[in-house]
Amino acid sequence: MTYTVAFHPRARKELLEAWIWYEEKQFGLGDRFENEVYKRIEEIQKNPERYAERKQSFRETKIKIFPYLIIYKIVKNENLIIIFSIFHTSRNPKLKYK
């Protein structure tokens with residue numbers, strides 16, 4: 001079964017902000033970050049149930065190398081994966097699912 005991936009506006013904003021931050025630190029680092037995010041999203045798309053459900057049916061996985069999590073939900077009846085957050089691990093964990 002093929003799943004479509006959609007970004008919640010919050011996740012899109014977080015991805016852009018992180019890309020800008022990394023790019024300002026070192027040219028090309030933002031692109032490297034973005035590539036790692038999309039590699040992990042491709043893995044999620046291939047096997048969305050690989051990661052256990054957490055609170056309120058949210059699932060999460062770490063991004064390799066960078067201190068971020070991808071927070072997502074599966075909408076099975078629509079074959080859809082919604083990326084809700086690209087969450088920096090130093091933030092308050094209580095904010096992950098809000």
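So which residues in region 47-98 are farther than 19 Å from Met1 by Cα, touching a residue at least 40 places away in the same chain (Cβ under 8 Å) and over 15 Å from the mean Cα position of the chain (by Cα)?
Passing the criteria: Lys55, Gln56.
Can you say whether Phe27 is modelled with pLDDT of 95 or more, assigned to a loop (DSSP other than H, G, I, E, B) and of a type outside the set (Lys, Arg), as far as the supplied structure shows? Explain how you work it out, then say what you get.
Values: modelled with pLDDT of 95 or more: yes; assigned to a loop (DSSP other than H, G, I, E, B): yes; of a type outside the set (Lys, Arg): yes.
Judged against the criteria, Phe27 is a match.
So is Ile41 part of a helix (DSSP H, G or I), within 11 Å of the chain's Cα centre (by Cα) and not basic (Lys, Arg) or not?
Numbers: part of a helix (DSSP H, G or I): yes; within 11 Å of the chain's Cα centre (by Cα): yes; not basic (Lys, Arg): yes.
For Ile41, the condition - part of a helix (DSSP H, G or I), within 11 Å of the chain's Cα centre (by Cα) and not basic (Lys, Arg) - is met.
Which one of these is at pLDDT below 95 and in contact with a strand residue (DSSP E or B) (Cβ under 6 Å, 6 or more places away or on another chain): Ser85, Ser57? Before you say what the answer is, go through the steps one by one.
Values: Ser85 fails: at pLDDT below 95.
Residue meeting the stated conditions: Ser57.
Check off (1) in a helix (DSSP H, G or I); (2) modelled with pLDDT of 95 or more; (3) surrounded by fewer than 15 Cβ atoms within 10 Å (Cβ to Cβ) for Ala18 and give me the number that stays unchecked.
(3)
The values are calculated or read from the model by the stated rules, or taken from the named source; none is laboratory data. Fair warning: this is a prediction, and the values are worked out from it, not measured in the lab. In this analysis, Cβ positions are derived from the backbone assuming ideal geometry, glycine residues included, and neighbour counts consider all displayed protein chains.
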